[in-house]
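The structure appears below as structure tokens.
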Amino acid sequence: MNEKILLITGASSDVGIKLIKKVNKEFNFILAHHIGDESELLKLKKDLGEKLILIKGNFLSEDDTYKFVQEIKDMNKIPTHIVHLPAGKFENIKFSKLTWDKFQNDIDIALRSLVIILNSFISDMTKAKFGKIVVMLTSCTTNIPPKYLASYVTSKYALLGLVKSLANEYADKGIRINGVSPSMMETKFLQNIPELIVKQNAMNSPTGENLKVEDVIPMFEFLLSNKSDAITGQNISITNGNIM
């Protein structure tokens, strides 16, 4: 693999957009997965041109996820680096009000999509003896989770299990797989969470505020770089002063 190609799933998120802005000079191509609003990605494409390739994919659909992967194969842009950001809708729901469909949706969006993607591309990384994979997790996997987020937390723990398992399996093949676990971050992902809860979370932080996207991007940047070659299988917490 002579070209450095970064695949970002969930690239239209606040984290995805700012990550592209930060690391685009380090890659020959960036494959930006999105579903729904692509306005910010289109603005970036005006600046980055052919380097930024937008690919739509609905990870709630297994067939559509396979089509997404096939589209990448057809354009012969096999990723050397992968950042996985997608998650189901983040909202407070009591367990007694949840149905299995909500758990299934969260698992399909977060876990099944990554399994399909890695099944498709990790053999190429193995042949090249190189690969960097970074998965967005949550500080809920490093501490007692808050109430009313059972399906979200369950899907993140499932992702953590995949990170740990594959990091061990592929360590001797030059592939580095790590998770990043931020505490509450002020992004559009919180739009279904009551404002009072967001404010209370900030008040409970030693710094008196929630994380900003800018607080998290440097860790992704580091884990994608050669500086992290000795790090794999880690779940790295970013908690704004909270001790986990």
Study note, to complete from the structure: Given (1) at pLDDT 95 or above; (2) buried (at least 18 other Cβ atoms within 10 Å of the Cβ); (3) closer than 17 Å to residue 86 by Cβ, residue 157 misses just (2)
Check your understanding: What are the pairs, 6+ residues apart or on separate chains, where a residue within region 71-86 that is charged (D, E, K, R) has its Cβ under 7 Å from a residue that is buried (at least 23 other Cβ atoms within 10 Å of the Cβ)?
Key -> 77/31
Review point. Mind checking whether some residue in region 73-88 is closer than 16 Å to residue 31 by Cα, buried (at least 16 other Cβ atoms within 10 Å of the Cβ) and touching a Gly at 6+ places or on another chain (Cβ under 6 Å)?
Key: yes
Revision key, fill the gap. Taking region 160-170 and the residues there that are farther than 15 Å from residue 131 by Cα and in contact (Cβ under 8 Å) with a residue 60 or more places away in the chain, the one that is surrounded by the most Cβ atoms within 10 Å (Cβ to Cβ) would be 160
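Might you check whether a residue that is assigned to a loop (DSSP other than H, G, I, E, B), at negative phi, surrounded by 17 or more Cβ atoms within 10 Å (Cβ to Cβ) and touching a residue at least 24 places away in the same chain (Cβ under 8 Å) occurs anywhere in region 12-23?
Residues of region 12-23 that are assigned to a loop (DSSP other than H, G, I, E, B), as a first pass: 12-13.
If we keep only those that are at negative phi too, we end up with 12-13.
Okay, now just the ones that are also surrounded by 17 or more Cβ atoms within 10 Å (Cβ to Cβ), so 12-13.
Then keep just the ones that are touching a residue at least 24 places away in the same chain (Cβ under 8 Å); that gives 12-13.
Yes, because at least one residue in region 12-23 is assigned to a loop (DSSP other than H, G, I, E, B), at negative phi, surrounded by 17 or more Cβ atoms within 10 Å (Cβ to Cβ) and touching a residue at least 24 places away in the same chain (Cβ under 8 Å).
Take region 116-168 and flag every residue that is charged (D, E, K, R) and in a helix (DSSP H, G or I).
Within region 116-168, the subset charged (D, E, K, R) is 124, 127, 129, 132, 147, 156, 164.
Residues satisfying the conditions are 124, 127, 156, 164.
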Point to revise | Failed condition for residue 96, given (1) under 21 Å from residue 175 (Cβ atoms); (2) assigned to a helix (DSSP H, G or I) | key: (1)
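Any idea which of 113, 123 is of a type outside the set (A, V, I, L, M, F, W, C) and either surrounded by 14 or more Cβ atoms within 10 Å (Cβ to Cβ) or within 15 Å of residue 9 (Cα to Cα) (or both)? Working first, answer last.
Values: 123 fails: either surrounded by 14 or more Cβ atoms within 10 Å (Cβ to Cβ) or within 15 Å of residue 9 (Cα to Cα) (or both).
Answer to the check: 113.
The values are calculated or read from the model by the stated rules, or taken from the named source; none is laboratory data. Source: prediction; values computed, not measured. Cβ atoms come from the backbone with ideal geometry, glycine included; neighbour counts cover every protein chain shown.
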